[in-house]
1. So for the range 183-261, Kirkwood radius off the Cα pairs, Stokes-Einstein at 4 °C and 1.567 mPa s: how many µm² s⁻¹?
2. Using a 10 Å cut-off around each Cβ, can you sort 423, 303, 356 from fewest to most neighbouring Cβ atoms?
3. Taking the Cβ of each residue in 255, 140 as the centre, tally the other Cβ atoms inside 10 Å and list the residues starting with the fewest.
4. Over the chain, what is the relative contact order in percent, taking alpha-carbon pairs closer than 8 angstrom and at least six residues apart?
5. If you average 1/r over every pair of different alpha-carbon atoms in the range 109-292 and take one over that average, what Kirkwood value in Å do you get?
6. Considering the Cα positions of the chain, please state its Rg to one decimal place and its Dmax as a whole number of Å.
7. Report, to one decimal in Å, the Kirkwood hydrodynamic radius for the range 312-432 based on all distinct Cα pairs.
8. Among 379, 396, 43, rank each residue by its count of other Cβ atoms within 10 Å, from fewest to most, as a rough exposure measure.
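Laboratory data are not the source of any read-out in this text; all were calculated from the coordinates shown. Bear in mind that the values here come from a model prediction, so they are computed numbers and not experimental data. No Cβ is skipped: glycine too gets one built from the backbone with ideal geometry, and neighbour counts run over all protein chains shown.
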Ligand code: LLP
């Protein structure tokens, strides 16, 4: 009935998530509130791990892309499921370290890593660093030499695949700020240079074609292109690249009409492609990494808001204003992303109207969505916006000096705070 499987309606007609009554959560913890269902996170992790086991003989590691949603508790949960982690900044690395994450399972990304970040990544013993450009390779080689370390690296490659998704979240095409281009020979030159480095060990190549992708074909295509590259390196440089990182980007259901392929189908088809291509090219099957972010975090989450003003503009539209905004939910203003919304205390009622849900920032574009089917919402009602577990908290800001909401985890009806709500003192904490 609802877009995420963890949502239901209880005997009071209230929306529940992971067995917890969302109206009670809003009353207990206040709004706006991010709620994450622990079991949804765990089951997504298990499905990734199990499908690597089933379709690729376990010769791979799924690394949660923590840019989607990072906090200590999320890192602990993901670690306890045996996942790896993809971190993109010193802040995400630090969070993983403090959560006790096994750092040898962490890959460190970034198109412009600072020396401070590279130093920290080497010091905390990350499993591998995904090198994006030559300046980084040289800087890392020097940093590693000073520390007498030999960090493992992958090279980020632009495979030249067009993924059918929003322009802002495409990354695999030649005109991208990420990685080395294949077509121009840049990637091959980078491999040569990396092999010559004494203080880094080239163990893999990486590609990521974009995010919120529904088709499997572009992933298969990317795998083929990357394997051909691995074969070229083997044949021409006599060097064996053992690891192939295929990135993340698996689409999720934000609306009922969305129909992403299940991860199992992705893993089955991509594993088949990898196996048959390796045979054809005469190379060993690589160890595979994948980096799902959204598909683990998004369906686990909802955001709860309280309705304030309602403005009906005859023949134009109705605005339902909430106590949150683009500061906690920036994806509509950035990508026009669509969400399902439910009046949590009227979850059994018909969605009888179409409204614009507006945030409270001083910015006309600050909307959660337009033309959204919704139960009749009035001041004091609680609105749940669904599938917000990825890229909402992690992209939130303090615009208008708003305080960031708390994050609560629910687990089989029980709830606990994972991130406290910011206070007014937090807002001026760094002011002098
Ligand atoms: N690996 C790499 C190298 C990435 O750049 C990304 C996402 C991922 C993995 C994880 O992708 P996912 O499985 O979550 O699709 N803020 C945007 C999404 C940006 C994605 C950036 N990179 C949004 O809210 O839609």
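1. Details: Rh = 14.4 Å.
Roughly 90 µm²/s, to the nearest whole number.
2. Values: 423 10, 303 27, 356 19.
Exposure proxy ranking, most exposed first: 423, 356, 303.
3. Values: 255 12, 140 25.
Ascending Cβ contact count within 10 Å gives the list 255, 140.
4. Working: 987 pairs, mean separation 87.2, N = 432.
Relative contact order comes out at 20 percent.
5. Evaluated on the range 109-292, it is 16.9 Å.
6. Final numbers for Rg and Dmax: 22.7, 72 Å.
7. Values: mean 1/r = 0.0638 Å⁻¹.
It works out to 15.7 Å.
8. By the 10 Å Cβ count, ascending, the order reads 379, 43, 396.
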